[in-house]
Amino acid sequence: MDSARGKIEGQINSLQSFGTLDGPGIRYVVFMQGCPLKCVFCHNAGAIDLKGGKKVTLDKLMEKIDKCIPYLKQGGITVSGGEPTLQWRFVKEFLSACGQRGLHTALDTCLFTKKDVLVNLIPEVDLFLVSVKHMDAEKHFGLTGRDNKLILENIRYAASKKPVWLRYVLIEGITDSEEDLLDLIGFAKKLEKLELIELLSFSSMGVEKQREFKGFKITKTKDLKAPSLKKVLWAKKLLEENGFKVVV
Amino acid sequence: MEETDFAKNNKYAWREFKGGAWQNEINVQDFIQANYFFYSGNESFLEKPTQRTLELFSKKKELLKKEAKRNGVYDIDVKTPSTIISHAPGYVDRKLELIVGYQTDQPLKVGIKPKGGIKFTEKACNAYGFELDETVKDIFENYSKTHNDGVFSAYSKDIKNLRHNCLITGLPDNYGRGRIIGDYRRVALYGVKKLIAEKQKDFEKLSFSDIQLREEVFEQISALEELIEMAYSYGFDLTRPALDAREAVQWTWFAYLAAIKEQDGAAMSFGRVDCFFDIFIERDLKEGTLTESRAQELIDQLILKMRFVRHLRHPEYNALFAGQPTWITCVIGGMTVANDVDKKPLVTKTSFRMLHTLTNLEPAPEPNLTVLWSESLPGDFKEYCCRISIESSSIQYENDDLMKPLFGTDYAIACCVSAMRIGKEMQFFGARCNGPKLLLLALNGGKDELTGNQIAPAKPVPSGEFLDYAEVREKYLFYCDWLAEQYVNAMNIIHFMHDKYAYESLQMALHDTSVKRFMAFGLAGLSVIADSLSAIRYAKVKPVRDENGIAVDFEVQGDFPKFGNDDSRADDLAVEAVNAFIGFLKKYPTYRNSEHSLSILTITSNVVYGKKTGATPDTRKSGEPFAPGANPMHGRDTEGAVASLNSVAKIPYSSCLDGISNTFSIVPAFLGKTEKDRIANLKGLIEGYFAKNGHHLNVNVLDRDLLLDAMKNPQKYPNLTIRVSGYAVNFTRLNKEQQKEVVSRTFHCSV
């Protein structure tokens, strides 16, 4: 790596040398700092503020990765966050360095980003892990504080270029109606390189957040609930009947 | 090759076997290489336990319940010192038992072995409400000296002092040293008559310059004669080789049984039998005299025998080695090493059958099932091991690719992590010293931090308000050297006396007459040493001294790198600590020219050691447990499991030939979303660790909540088995402190 590239710095929330839940196999997961969304089910709220975390140079990060390569043969690396596209210049260099080492690269992103950024990143990414928070624009805004138009467009574009795993969080009474899922199916059917859909059950992570829930009957985070197992299995079946591979 | 008379006489016993060097010399390894059937398939052939096994199992469970009600000891024979032939045959149910033989005339009844030390025998009896027989007491107090008496006749004041102050704990000076593995298979392959004849030949050749060995070989022959007598009392003729699979298992069990009737060593391992038994089983299957179900039955019933092995232990011993482990370690798998091109996995259907006992007979701590893992093992076998690990948390893994260049293709593991060639190498076991306490000695000028006693040479305490790394390091190394000399002296005395007063004649009869010996030293608290030195070097550490100048606490300003995050700043300090210690040990000559070796293994003694150690500069409070074995300290490995494993993998095996133990606990959900993912990821983790030259990995796959519930409601979890440092234990048999320590360990999980 040339010395100038190696010196660039990323603002990193944390590192997990043994990740098994963000992409196939054992993955070294880099959680980037900063996120433009404010999701009610955020499981890494400490990573939202771009000013948090610590600065790490690309050289230092690659030194850590290199020592873990024997474990990553069937897996690879995943960049997560936070939202990695906020620091896309660093992320692009990092993904590229991993790619040069023959490591499989996954980008866990909300894709709330400019298309230019996405176009820049696509060549370095082997797998996109993306999530649809809600298909309904207003409800999406209620759950995340942002509109979903840009996100859905970007997902479609990414899926036309690289394999995609689509994640969907089931929240009782919020995202788990038949209509919600049929909307999701309609969207997912048009995703060219979609490999599978991961259904995640909502987990509050015990964090109470004060916020507005526009468009919903509930008003507090603590009122959000995971759906019953029966509901999850129903959703799984519905998706499978529509030809998707589903992981719960 | 010309056929010897012995081969001719054994034509029937050895029918169908491919001949070779093994026919003309005692050479089980050669027999296995020539005859074993490599199995590359999966577990689909395995059978459930037979009705007979299930009935026996249920009867045995009843006995275990009674034993638990009686404080863990079913009965003690306080009158009859246990020898190979001391007791009449014992049975649970003759009709159901395919493999027979218990240590005394009743299952679970414990024998006494006063040769180790009469005081401790008496104490152990009393602890369980029994009175030692007066005659036995009189004999061993007044007429026959014991190992324990011998050792204390020769110990110096210094050694007694450092023992008393817990700088070295658990030395085998009042109990059997163990860690010797007889080649029990020899009895099945050759019959005892042949083994006696070979020993007699050896005896004739012995010079008069080694009178000790002359006497020992004589004792070995007597022990073999007693083995014949013991088996005869059960109605079997062990003079000849085994004729079929059932006899092969029975003969081998008798050999092991004789060893554990004679000795109650801390760890009495079984060795390596998967390929060996498989050869006999395959022959019977081919001849149509055995079915798969009956083959599994033989293995199941052998495992049930192992689970009923008992030794009399005193309460202090139990504090060190909780849950009454017997370490009947059985290694499984590994590779042949003929050369790189011809190398073949030593995996047979019986390798599967042995692991399958964890399914057929529920998980249990014994035997200590140890998979010798190589990159080249067949994928199906690796996946099967990982699946059973996830289901049972009862398997440990050791790196065959690391050990086979040093120990060949027919080695086994004694205790937890000690490799040795079967029948060719043995070790003098030496427990372990307390590394963090040693560091505190350096900070306190040779005074013990808890008692204030001057137990090591006096030196000025480090100067200045904050500790200076260079100064501390120099003082630490000085005391390391001092301790090494004391430790070697103590070990030389112990093993001289053990040979003299409590010689393992049967186990050594199942070794070559000329053996290689290791002297196995140990170091506890490695991660505390590394983190303490790291704090002194990279942060500011101010000792808080009491009125006597003893550092009773430390104020740490600033952060410092910690062992367990793949950070060389901290990890190198751990590496230097082990290299320095083995280096100092090697300066001092050993009894019988044994080779110095070192283990980083604590068993459960990390709790007791921690309890007896003051606060350390790494912010560990006085009395807090150390991490087990070579593990990073609880909760300090913050970059995930791989980084944690990588730190431990840096400890050089070449400096720690007696093993480097790492205990790994992970929450099932964090291993992957589907069973297939979990198996693949565990496999990837083990493969990665061993590719990085890691030596040993205990794998626990369970939720912390489950353990917390088991602490509250032990009756709900009679079979909850977990891996601790180098062995498995029934969780509910640990004391509360040990349970708490296990629960506080790092469980790798998501945020």
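The values are calculated or read from the model by the stated rules, or taken from the named source; none is laboratory data. Just so we're clear, the structure is a prediction, and the values are computed from it rather than from any experiment. FYI the Cβ positions are ideal-geometry reconstructions off the backbone, even for glycines, and counts take in every protein chain you see. The accessibility values were calculated without ligands, DNA or RNA, using every heavy atom of the protein model including side chains. Shrake-Rupley method; radii C 1.70, N 1.55, O 1.52, S 1.80 Å.
Just a few scattered comments:
- Residue list for segment B:219-249, filter: open to solvent by 20 Å² or more (accessible area, probe 1.4 Å) and either closer than 14 Å to residue B:514 by Cα or in contact with a Gly (Cβ under 6 Å, 6 or more places away or on another chain) (or both): B:239, B:240
- Condition check for residue B:188: touching a residue at least 24 places away in the same chain (Cβ under 8 Å) and in contact with a Pro (Cβ under 8 Å, 6 or more places away or on another chain): yes
- Among (1) in contact with a strand residue (DSSP E or B) (Cβ under 9 Å, 6 or more places away or on another chain); (2) facing chain A (nearest Cβ under 8 Å), the one test that residue B:672 misses: (1)
- Among the residues of segment B:642-678, those that are assigned to a loop (DSSP other than H, G, I, E, B) and aliphatic (A, V, I, L, M) comprise B:651, B:657, B:667.
- Any hit, segment B:684-691, residues being within 14 Å of chain A (Cβ to nearest Cβ) and open to solvent by 20 Å² or more (accessible area, probe 1.4 Å): yes
- The listed residues are A:50, A:37, A:61, and the only one of them that is open to solvent by less than 10 Å² (accessible area, probe 1.4 Å), over 30 Å from residue A:172 (Cα atoms) and either out of contact with any helix residue (DSSP H, G or I) (no Cβ under 7 Å at 6 or more places or on another chain) or more than 11 Å from chain B (Cβ to nearest Cβ) (or both) turns out to be A:61.
- Scanning segment B:721-747 for residues that are outside any helix (DSSP H, G or I) and open to solvent by 20 Å² or more (accessible area, probe 1.4 Å) gives B:730, B:735, B:746.
- Subset of segment B:32-63 [open to solvent by 30 Å² or more (accessible area, probe 1.4 Å), in contact (Cβ under 8 Å) with a residue 24 or more places away in the chain and part of a helix (DSSP H, G or I)]: B:33, B:43, B:45, B:52, B:55, B:59
- In segment A:22-68, residue farthest from the chain's Cα centre (by Cα) [restricted to those that are more than 17 Å from residue A:8 (Cβ to Cβ) and among the β-branched types (Val, Ile, Thr)]: A:26
- Output for segment B:700-719, where each listed residue is in contact with a Ser or Thr (Cβ under 7 Å, 6 or more places away or on another chain) and open to solvent by less than 20 Å² (accessible area, probe 1.4 Å): B:700, B:701, B:702, B:710
- Within segment B:589-630, the set of residues being in a loop (DSSP other than H, G, I, E, B), out of contact with any strand residue (DSSP E or B) (no Cβ under 6 Å at 6 or more places or on another chain) and open to solvent by 10 Å² or more (accessible area, probe 1.4 Å) comprises B:589, B:612, B:621, B:622, B:623, B:624, B:625.
- Scan of segment B:565-588 for residues that are under 17 Å from residue B:522 (Cα atoms) and open to solvent by 10 Å² or more (accessible area, probe 1.4 Å), ordered by number: B:575, B:576, B:579, B:580, B:582, B:583, B:584, B:586, B:587, B:588
- Residue identified as more than 10 Å from chain B (Cβ to nearest Cβ), more than 20 Å from the chain's Cα centre (by Cα), surrounded by 18 or more Cβ atoms within 10 Å (Cβ to Cβ) and not polar (S, T, N, Q) among A:97, A:4, A:106: A:97
- Applying a threshold of 9 Å to beta carbon distances and a minimum spacing of six or more residues, or different chains, the list of pairs starting in segment B:228-255 at a residue that is on the phi < 0 side of the Ramachandran plot and ending at one that is modelled with pLDDT under 95 and in a helix (DSSP H, G or I) reads B:240/B:9.
- Scanning segment B:693-739 for residues that are at pLDDT 85 or above, over 26 Å from residue A:16 (Cβ atoms) and not hydrophobic (A, V, I, L, M, F, W, C) yields B:709, B:712, B:739.
- The residues in segment A:228-243 that are away from chain B (no Cβ under 14 Å) and open to solvent by 30 Å² or more (accessible area, probe 1.4 Å) can be counted, and the count is 11.
- Residue B:474 assigned to a loop (DSSP other than H, G, I, E, B) and more than 30 Å from residue B:33 (Cβ to Cβ): no
- Qualifying residue in segment B:13-28 (condition: touching a Pro at 6+ places or on another chain (Cβ under 6 Å) and either surrounded by fewer than 18 Cβ atoms within 10 Å (Cβ to Cβ) or not in a helix (DSSP H, G or I) (or both)): yes
Here is a yes/no grid of residues against (1) closer than 23 Å to residue B:316 by Cβ; (2) among the charged types (D, E, K, R); (3) within 25 Å of the chain's Cα centre (by Cα):
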residue: B:84; (1), (2), (3): no, no, yes
residue: B:93; (1), (2), (3): no, yes, no
residue: B:97; (1), (2), (3): no, yes, no
residue: B:103; (1), (2), (3): yes, no, yes
residue: B:107; (1), (2), (3): no, no, yes
residue: B:115; (1), (2), (3): yes, yes, yes
residue: B:126; (1), (2), (3): yes, no, no
residue: B:134; (1), (2), (3): no, yes, no
